[in-house]
Amino acid sequence: MRVSRGDISSTGRARSFDRARRGPAGNARAHDSMGGDDRLGGTVGRTVLPNGVRVLTEAIPAMRSVSVGMWVPIGSRDESPELGGVSHFLEHLLFKGTRRRTALDISSTIEAVGGETNAFTTKEYTCYYARVLDADLPLAIDVMGDLLTDSVLAAADVETERGVILEEIAMHDDEPDDEVHDLFAEAVYGEHPLGRLVSGTPTTIGAMSRRSILDFYEERYRGPALVVAAAGNLDHDTVVRLVEDVIGRADRFAAPAAPLPRRADPAPEQSPAPRVLVREKDTEQAHVLLGCPALSRDDERRFALGVLNNVVGGGMSARLFQEIREKRGLAYSIYSYTAQYSGSGLFGVYAGCAAGKVDEVLALAREQLAAVAADGLTDEEVRRGKGMLKGALVLGLEDTGSRMTRLAKSEMLYDELLSVNDLLARVDAVTPDDVRAVAAEVLTRPMSLAAIGSSLPDL
């Protein structure tokens, strides 16, 4: 189990812009056969069960494994300040046992067939997943469906996992190169839920009661919210039957319902002035993150932003890497990234360097961003950025886990399933003028700054 910041691309190579086509909401056992996915995929199917659960599969007969995930569009963005971290707390607790299985049964049953199971929580969704041999898919669906719908949430387990999560938070605090991303989100979003920690804080986790976690579970984990996605050597109708069997055991998942609409949260209000947040900590390096609000996941200009991000800081040929590391040796790690949410997004530049070099690194980063905002990219840079984006898109779909994730995130976050060829065409359609326009808009926005380290200069 782990915390994730969500739809984040640190190098431009971890982003998929896939979107899942929606069938008629609430249609009892509505079945959409989506056909093949160009040369890179198998047959994609979609069925909506009477209780609103959506089942999506991609049949890839050449594989001998299957990845299955059970997703809910619930994350830290959906929590009150007092319940900060409840989604992540619940994710831990669902693995602690059901009426049919102990925690050991859950893990040992999957591991006994050579499979793996885990989960993660983000700002906007939570995923429980397993990867097994194709013959063991019925077992995986039974185990995952059981823990998702029938967990006991025993009081003793709440106390045990409270300690585990507090240790997880402490471990995170020992990793300043990761921690600075959370500090940056706080600098940009302030008290908005997108600015809060997915894990919660020691204060909120320490005070959280079993009753409040149970209420959150019973209110949020229902049929209309659930998306089940699977990819690999499978049969769609068989997967639908297996899901229907296990989910139907839970009374609150059995009532007829329409699927939840796609999240459409408004953009958070932005502070009129950028913020600087500095956290003094005894570290060998200073960790700094400079950036601003960017594009939401629904913005069609995200393809142009992806190209821009690759050229600015997405690889060893990127401007930031060349200027700050290669030419001057000021940092080992230097990159840009984007994060995309409903109604909002982020663009950031991270660097890890000696405290005495922070001023120079930030000055060079600002200089590069200003130059791109003013002049755009060269035609050759745009060509290279598009090639990086297309390569990431295709290479990222070479295992069943990424295919499964693509289906689920598409269903929850977007409106249609674009084929790989369609996605590549969207990238190909990006022009230097498109990138120049996005750069001029995003990179001229007021920049917030987060920094962690010791003996930092006055920022």
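The values are calculated or read from the model by the stated rules, or taken from the named source; none is laboratory data. Predicted model, so just to flag it, every value in this text is computed and none were measured. Methodologically, a virtual Cβ is constructed for each residue, glycine included, from the backbone with ideal geometry; neighbour enumeration extends over all protein chains shown.
Hey, any hits in segment 205-215 for a residue that's acidic (Asp, Glu), in contact with a Ser or Thr (Cβ under 8 Å, 6 or more places away or on another chain) and in a helix (DSSP H, G or I)? Scanning segment 205-215 turns up no residue that is acidic (Asp, Glu), in contact with a Ser or Thr (Cβ under 8 Å, 6 or more places away or on another chain) and in a helix (DSSP H, G or I). Whether a residue is out of contact with any Cys (no Cβ under 9 Å at 6 or more places or on another chain), crowded, with 24+ Cβ neighbours inside 10 Å and free of Cβ contacts under 8 Å to residues at least 24 places away in the same chain was assessed, and residue 318 passes this test. Number of residues in segment 224-258 that are charged (D, E, K, R), assigned to a helix (DSSP H, G or I) and in contact with a Gly (Cβ under 9 Å, 6 or more places away or on another chain): the value is 3. With respect to (1) surrounded by fewer than 17 Cβ atoms within 10 Å (Cβ to Cβ); (2) out of contact with any helix residue (DSSP H, G or I) (no Cβ under 8 Å at 6 or more places or on another chain), the lone exception for residue 262 is condition (2).
Hey, does segment 407-427 have a residue that's touching a Cys at 6+ places or on another chain (Cβ under 8 Å), assigned by TED's automatic domain parsing to the domain that holds residue 311 and either aliphatic (A, V, I, L, M) or under 15 Å from residue 44 (Cα atoms) (or both)? Within segment 407-427, one or more residues are touching a Cys at 6+ places or on another chain (Cβ under 8 Å), assigned by TED's automatic domain parsing to the domain that holds residue 311 and either aliphatic (A, V, I, L, M) or under 15 Å from residue 44 (Cα atoms) (or both). Residues in segment 276-311 that are within 25 Å of the chain's Cα centre (by Cα) and among the charged types (D, E, K, R) were compared, and the one that is surrounded by the fewest Cβ atoms within 10 Å (Cβ to Cβ) is 300.
Applying the condition of being in a helix (DSSP H, G or I) and basic (Lys, Arg) to segment 412-459 and asking which residue is farthest from the chain's Cα centre (by Cα) yields 436.
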